[in-house]
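The values are calculated or read from the model by the stated rules, or taken from the named source; none is laboratory data. Because the structure is a prediction, the values reported are computed rather than measured. Positions of Cβ are backbone-derived with ideal geometry, glycine not excepted, and every protein chain shown enters the neighbour counts.
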Amino acid sequence: MLLCLLLVLCCSNCLESYQKALRADASYKPAAECLAIVLTDLGTSLKLAGNTQEGIQKYYEALKIDPHYAPAYYNLGVVYSEMMQYDTALTCYEKAALERPMYAEAYCNMGVIYKNRGDLESAIACYERCLAVSPNFEIAKNNMAIALTDLGTKVKLEGDIHQGVEYYKKALYYNWHYADAMYNLGVAYGEMLKFDMAIVFYELAFHFNPHCAEACNNLGVIYKDRDNLDKAVECYQLALSIKSNFSQSLNNLGVVYTVQGKMDAAASMIEKAILANPTYAEAYNNLGVLYRDAGNITNAITAYEQCLKIDPDSRNAGQNRLLAMNYINGGHDDKLFEAHRDWGRRFMRLYPQYTSWDNSKDPERPIVIGYVSPDYFTHSVSYFIEAPLVYHDYTKYKVVVYSAVVKADAKTGRFREKVIKKGGLWRDIYGIDEKKVASMIREDKVDILVELTGHTANNKLGTMACRPAPVQVTWIGYPNTTGLPTIDYRITDSLADPPDTKQKHVEELIRLPKCFLCYTPSPEAGPVCPTPALSNGFITFGSFNNLAKITPKVLQVWARILCAVPNSRLVVKCKPFCCDSVRQKFLTTLEQLGLESLRVDLLPLILLNHDHMQAYSLMDISLDTFPYAGTTTTCESLFMGVPCVTMEGSVHAHNVGVSLLSNVGLGHLIAKNEDEYVQLAIDLASDVTVLSNLRMRLRDLMANSPLCDGQNFTAGLEAIYRKMWHRYCKGDVPSLQSLEMLQQQAVSEELHVENPEPTSITVSKDSSPELVKANGFNQVPSPILNPTCEENGNQSNQTINSGTVG
């Protein structure tokens, strides 16, 4: 302040001298120029001393003396910028640049105003003019890098990710150590599935900005997706060492622990994420997955519903909730159907529907069948889709596979090779927007589109909602209706869904002549081992179903069986049993039901498929679950010679075992109720010789049954496809009827709405997308768990896509 006062005093003395000179000779130009300089300096000194208005007055006095004095205009621009009068500031900077075309600072400050207004193109143009006259102006180079990075994110969000990458790279030309451009390149390359490049730029971003927790977090997501869980944990922990309450990393660490079966550690992390961010919807979704994996379905559904309260459009929580409800739905009411139906109607509104197709309505021509799934790898669904891919008559049924596989394996390659060799098409669609996939399907002129996933992980129901094919079908991957009105048919059989079933579906049920599934055994299964009771001297019951299916009611029934068969044991295998608390809770529940924990063996997940299959050698008799029966586990059990006891019910999920066992010739192991289920298991355990003989012939019995007859199964499948196509050619399309009914219902509801008081109609404008934050990360939803339907499925983790930094 003292220095400012001294400058004012000094300037005042100079001011008097130049004013005297001008009074003596008004045309003396050097005196006028010097006076303008002094007045401008005086204005700056007054501004710095806190007298802004007096300073502005001096700038204007300087311009009155010398209208061409550029620094006075420039300093006015600075003052008006500080006062947030940006239009006036721009005018002043422009006049400064007009009077002095080499005025780099004026161009730079104009760029700052345009950038802060979101006019990035104009900002960049100003910085270019600045650097043209002053190529080494570091502030302008830094600002250019910031503006280019923002522009990169802007065009990326508009859909041109490649142009976005070019802008990020250009930003690094101006500032080669700009961490935020590196970070955003990491995000972009991740979205482009170029994960090696993403890793490089995330690591560079962290190197140049050691406080960038987001880069560490996103590195963790990539390593998790690559199954390098230890490295993922290391990255998340590093992010949390930088930002201890970083909710995304807390959540993601919980995701990894869930995948590893470390339920207590997972719960702790996810609960901390919620504590750090109580409105973090997807953390509640992940908590639901955690509860589901631990077998607590009631708490899982509560967590999903909490997520939906925060984010009603959460696709993951909405679909996970529907899947979870299957585990406890006995078919006694229509609540589960209504939940699916309501979800489908809401979801359908998010996608535009095609209403016409160019596909020729020739009923007997070769038809194009499209199969869309993320599960063309060593996954439960793959064991049931292999037969059609192999045995289709490709001259009459051209196959197009739309593969959304996240991580391909040897099985993926084998499937691809078989399809292409037979003349089919294989399209990799992982990472492609569902609406674009719908366009691809239309371009391929698919006649019948079959989705194989339902409400399980990485599904493409968004594509099905667009209705890209004239006939749409759901099959294999989900034991219930999808709820989508745009799907015409659901493939089943008369045992899984009897003709008199009371279970409701949005789709029309179409039944295969025998079993609705065809199982292709794993070549890694290994031989059938002798029934262990021969050497053990006691019977071992078992189940390898996931814990969510083993409900309290199931445990009650199993405990009755074990208590009735002296010295018998129970072996159960599933991932969460590597967690002590889950094991203890399971054992305590059985002890309360009268079964000593010493008679129970709990096994964690077995990673190698061969070892998993050979683990069936530990059990003599397999016990099915209800009301959600096993599918893959039942087939595996039978193939390894282990007979399975199941029970019929009133819903499809309950009756899958009925269909499987009936088609293998084991109808005598199907119970009608709990008491009969218990008695069947006791009777089967009573004669070890009979049990041993059955074990040794069960694989051949299964191999020669309709369940493993791929050729005849596929012929039956083709027959119902042809039936669907004939109906379409005649104008009989179930989904069109459903959509028409929906429209009529909507009109009817509008007509019958009573308005006791006049209501005003408000026309809302679409909200514009939120601009990226300047100088800060703009977070969007973090990684989430999507549980698959079957027990050996994987869980997916979605990358955080942070916005640019300014």
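The test for being at pLDDT 95 or above and of a type outside the set (Gly, Ala, Ser) does not hold for Val259. Out of Leu323, Leu250, report the one residue that is within 22 Å of Leu336 (Cβ to Cβ) and part of a helix (DSSP H, G or I). Being within 22 Å of Leu336 (Cβ to Cβ) and part of a helix (DSSP H, G or I) holds for just one of Leu323, Leu250, which is Leu323. Could you grab me the full set of residues in the stretch 106-165 that are within 21 Å of Thr91 (Cβ to Cβ) and of a type in the set (S, T, N, Q)? Those that are within 21 Å of Thr91 (Cβ to Cβ) and of a type in the set (S, T, N, Q): Asn109, Asn116, Ser122, Asn143.
Hey, can you tell me all the residues within the stretch 118-165 that are under 27 Å from the mean Cα position of the chain (by Cα), among the charged types (D, E, K, R) and farther than 19 Å from Asn209 by Cβ? Can you show your working first?
So in the stretch 118-165, the residues under 27 Å from the mean Cα position of the chain (by Cα) come out as 149-165.
Subsequent filtering for residues that are among the charged types (D, E, K, R) retains 150, 154, 156, 158, 160.
If the condition is that a residue be under 27 Å from the mean Cα position of the chain (by Cα), among the charged types (D, E, K, R) and farther than 19 Å from Asn209 by Cβ, then Lys154, Lys156, Glu158, Asp160 are the ones that fit.
One residue is enough: does the stretch 404-427 have a residue meeting the conditions surrounded by fewer than 20 Cβ atoms within 10 Å (Cβ to Cβ), over 28 Å from the mean Cα position of the chain (by Cα) and in a loop (DSSP other than H, G, I, E, B)? Yes, the stretch 404-427 contains a residue that is surrounded by fewer than 20 Cβ atoms within 10 Å (Cβ to Cβ), over 28 Å from the mean Cα position of the chain (by Cα) and in a loop (DSSP other than H, G, I, E, B). Those residues that are surrounded by fewer than 22 Cβ atoms within 10 Å (Cβ to Cβ) and free of Cβ contacts under 8 Å to residues at least 40 places away in the same chain, I need them from the stretch 316-331; list them, please. Within the stretch 316-331, just Met325 meets the criteria. The set of residues from the stretch 350-383 being outside any loop (DSSP other than H, G, I, E, B) and closer than 17 Å to Asp444 by Cβ comprises Ile367, Val368, Ile369, Gly370, Tyr371, Val372, Ser373. Restricting the stretch 433-477 to residues that are among the aliphatic types (A, V, I, L, M), in a loop (DSSP other than H, G, I, E, B) and touching a helix residue (DSSP H, G or I) at 6+ places or on another chain (Cβ under 8 Å) leaves a set whose member that is nearest to Cys635 (Cα to Cα) is Ile476. Residue count for the stretch 283-297 satisfying the condition of being closer than 13 Å to Asp264 by Cα, free of Cβ contacts under 8 Å to residues at least 40 places away in the same chain and of a type outside the set (A, V, I, L, M): 1.
The residues of the stretch 71-104 include none that are surrounded by fewer than 22 Cβ atoms within 10 Å (Cβ to Cβ) and touching an Asp or Glu at 6+ places or on another chain (Cβ under 8 Å).
If the condition is being under 17 Å from Asn252 (Cα atoms) and either of a type in the set (S, T, N, Q) or in contact (Cβ under 8 Å) with a residue 60 or more places away in the chain (or both), then the stretch 197-225 contributes Glu214, Asn217, Asn218, Val221, Ile222, Lys224, Asp225. The one condition from (1) more than 23 Å from the chain's Cα centre (by Cα); (2) buried (at least 23 other Cβ atoms within 10 Å of the Cβ) that Tyr173 does not meet is (2). Quick check on Asn480: is it of a type outside the set (A, V, I, L, M, F, W, C), over 28 Å from Glu648 (Cβ atoms) and under 22 Å from the mean Cα position of the chain (by Cα)? No. Scanning the stretch 31-48 for residues that are at pLDDT 85 or above and surrounded by fewer than 18 Cβ atoms within 10 Å (Cβ to Cβ) returns a single hit, Leu48. Looking across the stretch 555-597 at every residue that is over 37 Å from the mean Cα position of the chain (by Cα) and among the charged types (D, E, K, R), the one that is nearest to Gln614 (Cα to Cα) is identified as Arg569.
Looking at Thr302, Thr279, which one is under 20 Å from Pro552 (Cβ atoms), surrounded by fewer than 20 Cβ atoms within 10 Å (Cβ to Cβ) and in the same structural domain as Asp225 (by TED's automatic domain parsing)? Going through Thr302, Thr279 in turn, just one is under 20 Å from Pro552 (Cβ atoms), surrounded by fewer than 20 Cβ atoms within 10 Å (Cβ to Cβ) and in the same structural domain as Asp225 (by TED's automatic domain parsing): Thr302.
So which of Ile491, Ile487, Ile510 ends up being hydrophobic (A, V, I, L, M, F, W, C), touching a Ser or Thr at 6+ places or on another chain (Cβ under 8 Å) and in a loop (DSSP other than H, G, I, E, B)? Don't jump to the end; show me each part of the working.
Numbers: Ile491 fails: in a loop (DSSP other than H, G, I, E, B); Ile510 fails: in a loop (DSSP other than H, G, I, E, B).
Within the list Ile491, Ile487, Ile510, the selection yields Ile487.
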